[in-house]
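Note sheet for the following structure.
Values in this text are rule-based calculations from the coordinates and carry no lab data. A quick note: this is a predicted structure, and the numbers were derived from the prediction, not measured.
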Amino acid sequence: MTNTPAKTFHTPLVTLNDGHLIPQIGLGVLRIDDEGVVPVVESALEAGYRHIDGAAGYNNEAGVGRALAATGYNTGEQRKSLWLTTKLRDSQQGYDSALKAFDDSLAKLQVDYVDMYMIHWPTPFDWRSGETWKAFTKLREEGRVKTLGVCNFLPEHLERLHEETGEWPAIDQIELHPTWQQREVVAFCKAHGIAVEAYSPMARGADLNAGDGTIERIAAAHGVTPAQVILRWHIENGTIIIPKSVHADRQRQNLDLFGFVLEPAEHAAIDALDGPTRAGHDPLTFTYA
Ligand SMILES: NC(=O)c1ccc[n+]([C@@H]2O[C@H](COP(=O)([O-])OP(=O)(O)OC[C@H]3O[C@@H](n4cnc5c(N)ncnc54)[C@H](OP(=O)(O)O)[C@@H]3O)[C@@H](O)[C@H]2O)c1
């Protein structure tokens, strides 16, 4: 499985609390510049990705849009087969500013709607998520957004949003990987019907050799790569994942997760790698853009 053949892969779908179906594996496009993202999205579509995870703050929406237009995935039946996510910049939270920002995102992406619009960070020190959510629901009513989500929300932020709007988001996208499992957030989401989406699912690559070779040993036992072991663990947990790779062979590898099953002891060994160190930022203090 290491030498993944050039074929098109199919991804399972996860049903969300609003009834929409999201492909369980998507391509993340953070830290790829606006020119560079075009071939990256094109190769992902060719491999079989039908879910792209972007954001206004990644400064490459226009490049994603050019790739979608060049491949025909921005209109018609091909557009319907694709799940496209983008996220609002923190600096543009608020009712009017969110609506304006969304128009800009849609124009750059060259599409009529996005499948999911997300609040990027909760910024509890400058809380505007309730107002922002009202703008999001207007966009949903207009059919320009299908599903509403949040990122980096802790249970206290989800509860606050629920108190102000009466709604739970369909998805909470959080940093989640073997050495940072956020079990309390995951349990809260499960209890409230919110799907969990793991960002940095491999800790930006740092977890590939986690546990003094635990991941590598499991990979060798199955004839797969460490990346596939970690991503398979997420899949078995029912988590939506959005691994990023600029390389076509790794993109295919990251979709090719259904030819093996982790033994219960192997799955448990990865569970046991949970630790106290995140790879990214703290939602209580961070603002992205
Ligand atoms: N909502 C948020 O606040 C937030 C925050 C962070 C990330 N995200 C989203 O989550 C996505 C993924 O997170 P991430 O990019 O931080 O980390 P990640 O997906 O855990 O790791 C990406 C790194 O792993 C490497 N890699 C990918 N596939 C590999 C493979 N099969 N074998 C070996 N190495 C591999 C990539 O290198 P190459 O590219 O060179 O292959 C890259 O250096 C982002 O792109 C973004 O869409 C969201």
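Report for the chain the percent antiparallel among DSSP-assigned beta bridges with both residues inside it, nearest 5.
Once the DSSP bridges in the chain are tallied, antiparallel ones form about 15 percent.
Between ALA279, ALA67, ALA195, which gets the highest mean-square fluctuation from a Gaussian network model of the chain, Cα cutoff 10 Å?
ALA279
P(r) for the chain: what percent of alpha-carbon pairs falls in each 10 Å bin, starting at zero?
Taking all Cα pairs of the chain, the binned fractions are 6, 30, 37, 22, 5, 0 percent.
Counting DSSP beta bridges in region 6-108, what percent are antiparallel, to the nearest 5?
Beta bridges within region 6-108, antiparallel portion: roughly 40 percent.
Using a Gaussian network for the chain with springs between C-alpha atoms less than 10 Å apart, which of these wobbles most: ASP96, ASP104, ASP212?
Largest GNM mean-square fluctuation: ASP212.
Using Cα centres only, tell me the gap between region 208-257 and region 159-176 in whole Å.
28
Once you've got the GNM for the chain with C-alpha springs shorter than 10 Å, pick whichever of PRO155, PRO226, PRO178 has the biggest mean-square fluctuation.
Among PRO155, PRO226, PRO178, the largest GNM mean-square fluctuation belongs to PRO155.
Do the sum for the chain: with -39,500 (n - 2.57) for every DSSP H run of n ≥ 4, divided by all residues, what is the mean residue ellipticity at 222 nm, to the nearest 500 deg cm²/dmol?
Numbers: 11 runs with 115 residues, N = 289.
Here the helix-only value at 222 nm equals -12000 deg cm²/dmol.
I'd like the distance between the alpha-carbon centres of region 76-152 and region 18-56, rounded to an integer number of Å.
Cα centroid to Cα centroid, the span is 16 Å.
If you average the sequence gap of Cα pairs under 8 Å that are 6 or more apart and divide by the length of the chain, what percent do you get for the contact order? Provide the component values of the computation, followed by the final result.
Values: 548 pairs, mean separation 61.6, N = 289.
Across the chain, relative contact order equals 21 percent.
With the cut-off at 23 Å, report for region 1-133 the share of all Cα pairs above it, as a whole percent. Could the numbers behind the result be given before it?
On the way: 3133 of 8778 pairs.
Value for region 1-133 (Cα pairs over 23 Å): 36 percent.
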